[in-house]
Amino acid sequence: MSDLRLRLAQNRGLIGAILMFALLYGLYSVLHPRGGSGPLLVQNANESFALVLAAMAQTLPVLTGGLDLSVGPLMTLVNCLASQVLNGGPADLALGIALCLGAGLLGGFVNGCLVVYGRVQPIVATLASGAVFTGIALLLRPTPGGEIDKDLSFGLTYDLAELAATFGLFDDGKAPWFAPFAGLPTPVLLVVAIVVLVWLPFRASVTGRGCYAVGSSEGAAYMSGIAVDRSRLAAYMLAGLFAATAGLYLALQTGSGNADAPQAAAYTLNSIAAVVIGGTSLFGGSGGVVGSIFGALVLRAISFNFRVFDPGSWLGALADPLLQPFVEGLVLLLAVSLGAARVLRVRNRLHLFG
Amino acid sequence: MRLALPTFDRPSLLAAGSILVILLAGSAYTLSMGGAATFLTPGYLLQQLQIASFLGLIAGGLMMVILLGHIDLSVPWTLTTAAVMATAVGGPAAIPLALAIGCAVGVVNGLGVAYLRVPSMIFTLGVNTVLQGLMVLHTGGYAPQSQATPLMAFLATGRVLGLPAAVLVWIAVSAVLVVILTRTPLGRAIYAVGNREAAAYLSGIGTNAVVITCFALCGICAALAGCMLAGYSAKAYQGMGNAYLLPAIAAVVIGGTHVLGGRGTYTGTVLGTILIVLLQSVLSVMQMPDAGRQIIYGLVIIAMLLAFRRAGGTEG
């Protein structure tokens, strides 16, 4: 019983984010005339995917006690790259996807090297590398446009039936056993796959545990024989990979590349907010990617709700699109201020100064 | 012992050297294109200083916060809010109102960071979004129909004895900040809190008051810069501050101020500001496309940071 209580206490942030998401998305589903229907789920999942991946990317550097301000720019860079390489035959497409993910890993590697070997503070290092990434993105795609393979795009950004039909799996998705899953949005499946195939093995590995250890106390981690440099480098590279996936998906979803610097900045800022809402400590050492996923979903669910509030009701006053940025900011402020509850529990003021 | 006279530490020297290199490279370029050495004429340099004074004001305020080991991401919309409200009110009350808004935003930031112990990056980010929301609401999403007051225009574009008024404002504000940093207990407290807040607290410094004061100073500087920018372009507009946050952080950091706080000189910040403004100017004169400008800009910052590491020795 105390074991369960301990686990609950350790995952308070994650549980809070899940409850908040359930509440907000539940409200949305009730208010929306077609709430809970397949196409709506697919649409919402599509709109959330890029931010979810950006939040996952942001989580890793934050876990090590750093920060990655280049998540948005790197996403944009890969988005522009994808709009150049994602067409042609199956072999070309596979190569293109590999190239995009490779670019993300390389970007993360550069960030990691600056932080680990250059000993530059993560926040300035990624600020500068973000400017470089934006520049390269502009070189690749001076004006929005490009062409993305339509089949790949449809297959990956709709539901499983579409995916199966596109790639001729399971009798084009008409196999009887496949029917219960057919309506599942592909992006949801992709996120689950990334968590199960990439994040969970990474977290269980020595390097992954090293990330948590470095974030908790770098000195102690070093003294315990943890490869501090390798863990940190791995965190930034994995962040690059996740950011690249987000950029790739954005390209599939919009069918084009766009070197949009304000949009990149918005993704970076929202990814930090999502990480905080998801219960990962900005001081490093505790939290995880799953919390950030729900943190991102909370942010998205808030903006979904603005679309469906009945203009006549008191909530309708909130639905004014002009109010939306204000309310979003307030929610962010309130969410982070909730963390201030710990100030009241501290017995010795010196503990506040971390 | 920090003296009021500029003490040139290695980052400052590095920045000063880079400024010379940029000027010489730019001159070599214009000479090779058959023109004169435009970059070395007093007219050009004064004009660059005038443009630099906007960024310099913001960077100076931001430096106060960075010296504490915090950061203020609410600068863009503090600046915009102050400018929009000042132009909306107009008249003699415009600039005092703007400064009051800047101060109020800074105090809110400071309260959140000092008392709620929310990481400054997140809290100021939230405040930034809230301010943006308020301005969208105030203007209805359209460009505000307002005009900068004559005083704002004069501060930004006027000339006194042949010197741009903006530069004089920058010098005046810089003098105040330098005196605060080097000659007052507050200045010592700022460096102390930046070095180790717990130790500063145990030495009897009211650390929360120091944090709030620094954020308020940062807000006031941003608001003043907002007024002058509005005067420069004759009106305030949405998003006018967005282009200033990252260059301001870069100017402070290139000037040798440690991002974790406790170390840095005002001279460095001034040199960092001039370096960034000159770099932007030379690159645009060379008709470098935006993409190339971004890349070079980022690479220069990275190169300077890496150079510090070699010069700085055993930093944390």
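The values are calculated or read from the model by the stated rules, or taken from the named source; none is laboratory data. What you see is a predicted model, and the numbers here were worked out from it, not measured in a lab. When we count neighbours, we look across all protein chains shown, and the Cβ atoms used for this are built from the backbone with ideal geometry, even at glycine. Areas reflect the complete protein model, heavy atoms only, side chains present, ligands, DNA and RNA absent. Shrake-Rupley method; radii C 1.70, N 1.55, O 1.52, S 1.80 Å.
Only counting protein heavy atoms at a 1.4 Å probe, give the residues of segment A:260-277, ordered by number, whose accessible area falls by 40 Å² or more when the other protein chains are present relative to the chain alone.
A:269
Let me know the mean shielding of B:127-138 by other chains, meaning the per-residue number of their Cβ atoms within 10 Å of its Cβ.
Numbers: counts 3, 3, 12, 9, 3, 4, 9, 4, 2, 6, 6, 1.
Counting Cβ atoms of other protein chains within 10 Å of each residue's Cβ and averaging gives 5.
Give me the summed buried accessible area for the A-B pair, 1.4 Å probe, to the nearest 100 Å². If you can, show how the numbers build up before the last one.
Working: alone 17720 and 14320 Å², together 28340 Å².
That pair of chains buries around 3700 Å² in total.
Show the residues, 5+ positions off or on another chain, whose built amide H is closer than 5 Å to the amide H of residue B:71.
Under 5 Å from the amide H of residue B:71: B:120, B:121.
Would you tell me the mean number of C-beta atoms belonging to other protein chains that fall within 10 Å of each C-beta in B:196-203, as a whole number? Don't skip to the answer; put the middle values down first.
Values: counts 1, 4, 6, 2, 1, 4, 3, 0.
Average per residue, whole number: 3.
May I ask which residue of A:245, A:215, A:188 lies farthest towards the positive end of the charge dipole of segment A:165-270, with charges of +1 (Lys, Arg) and -1 (Asp, Glu) on Cβ and the Cα centre as origin?
A:215
With +1 on each Lys and Arg Cβ and -1 on each Asp and Glu Cβ, and nothing else charged, work out how big the dipole of the protein assembly as shown is about its Cα centre, in Debye to the nearest 20. Walk me through the intermediate numbers first.
Working: 30 positive and 22 negative charges, 409 e Å.
In debye, rounded to 20, the protein assembly as shown gives about 1960.
Calculated from DSSP H runs of 4 or more alone, at -39500 (n - 2.57) each and per residue, what is the 222 nm mean residue ellipticity of chain A, nearest 500?
Working: 20 runs with 261 residues, N = 354.
So the calculated ellipticity at 222 nm is -23500 deg cm²/dmol.
Sort B:57-68, B:265-276, B:23-34 for me by packing, meaning the mean count of neighbouring Cβ atoms within 10 Å per residue, highest on top. Spell out each step's value before the answer.
Values: B:57-68: 29.2, B:265-276: 26.4, B:23-34: 13.7.
Result, highest mean first: B:57-68, B:265-276, B:23-34.
Can you tell me how segment B:51-113 classifies by the Cα gyration tensor, rounded, prolate or oblate, using a/c under 1.5 as the rounded cut?
Values: a/c = 2.55, a/b = 1.49, b/c = 1.71.
It is oblate, given that a/c is not under 1.5 and a/b is not larger than b/c.
Report in % the part of the accessible area of segment B:10-312 that belongs to carbon and sulfur, leaving out ligands and nucleic acids; probe 1.4 Å.
Details: 7930 of 11300 Å².
C and S fraction of accessible area: 70 percent.
Can you tell me the alpha carbon radius of gyration of the protein assembly as shown divided by the globular rule-of-thumb value 2.2 N^0.38 Å?
Numbers: Rg = 25.6 Å, N = 670, 2.2 N^0.38 = 26.1 Å.
Its radius of gyration relative to the 2.2 N^0.38 Å reference: 0.98.
Under a Cβ-only charge scheme (Lys and Arg +1, Asp and Glu -1), can you give me the dipole magnitude of chain B about the Cα centre, in debye to the nearest 20? It would help to have the intermediate numbers written out before the result.
Working: 12 positive and 5 negative charges, 77 e Å.
Magnitude of the dipole: close to 380 debye.
Per residue of segment B:218-228, what does 6.51 cos²θ - 1.76 cosθ + 1.60 with θ = phi - 60° give for ³J(HN,Hα)? Whole Hz please, x for Gly and Pro, Karplus curve as stated.
Working through the residues one at a time gives 4, x, 5, 4, 5, 5, 4, 4, x, 4, 5 Hz.
Averaged across the residues of A:136-143, what count of C-beta atoms belonging to other chains lies within 10 Å of each residue's C-beta?
Working: counts 4, 2, 7, 6, 1, 1, 3, 0.
Neighbouring Cβ atoms belonging to other protein chains average 3 per residue here.
Going by amide H atoms built from the backbone, whose H comes under 5 Å of the H on residue A:158, apart from near neighbours?
Distant-sequence amide H within range of residue A:158: A:186.
Ignoring everything but the protein chains, give the 1.4 Å probe accessible area of residue A:230 in square angstrom, nearest 10.
Approximately 150 Å² for this residue.
Ignoring any ligand, DNA or RNA, what whole percent of the accessible area of segment A:35-308 comes from carbon and sulfur when the probe is 1.4 angstrom? Don't skip to the end; give the middle numbers.
Working: 6730 of 10140 Å².
C and S atoms contribute 66 percent here.
Using the 2.2 N^0.38 Å rule of thumb for compact globular proteins, work out how chain B stacks up: its C-alpha Rg over that value, please. Walk me through the numbers on the way to the answer.
On the way: Rg = 19.4 Å, N = 316, 2.2 N^0.38 = 19.6 Å.
Taking N as the residue count of chain B, the ratio is 0.99.
Add -39500 (n - 2.57) for each DSSP H run of 4 or more in chain B, then divide by its residues: what number comes out at 222 nm, to the nearest 500 deg cm²/dmol? Walk me through the intermediate numbers first.
Working: 13 runs with 228 residues, N = 316.
The per-residue figure over chain B is -24500 deg cm²/dmol.
Could you give the semi-axes, largest first, of the ellipsoid that matches segment A:72-172, computed as the square roots of 5 times the alpha carbon gyration tensor eigenvalues and rounded to whole Å?
On the way: eigenvalues 214, 47, 24 Å².
After scaling each eigenvalue by five and taking roots: 33, 15, 11 Å.
Can you give me the three principal axis dimensions of chain A from its C-alpha atoms, in Å, biggest first?
62, 51, 43
Considering only protein heavy atoms, what per residue accessible area in square angstrom results for segment A:35-308 with a 1.4 angstrom probe?
On the way: 10140 Å² over 274 residues.
Heavy-atom SASA per residue in segment A:35-308 reads 37 Å².
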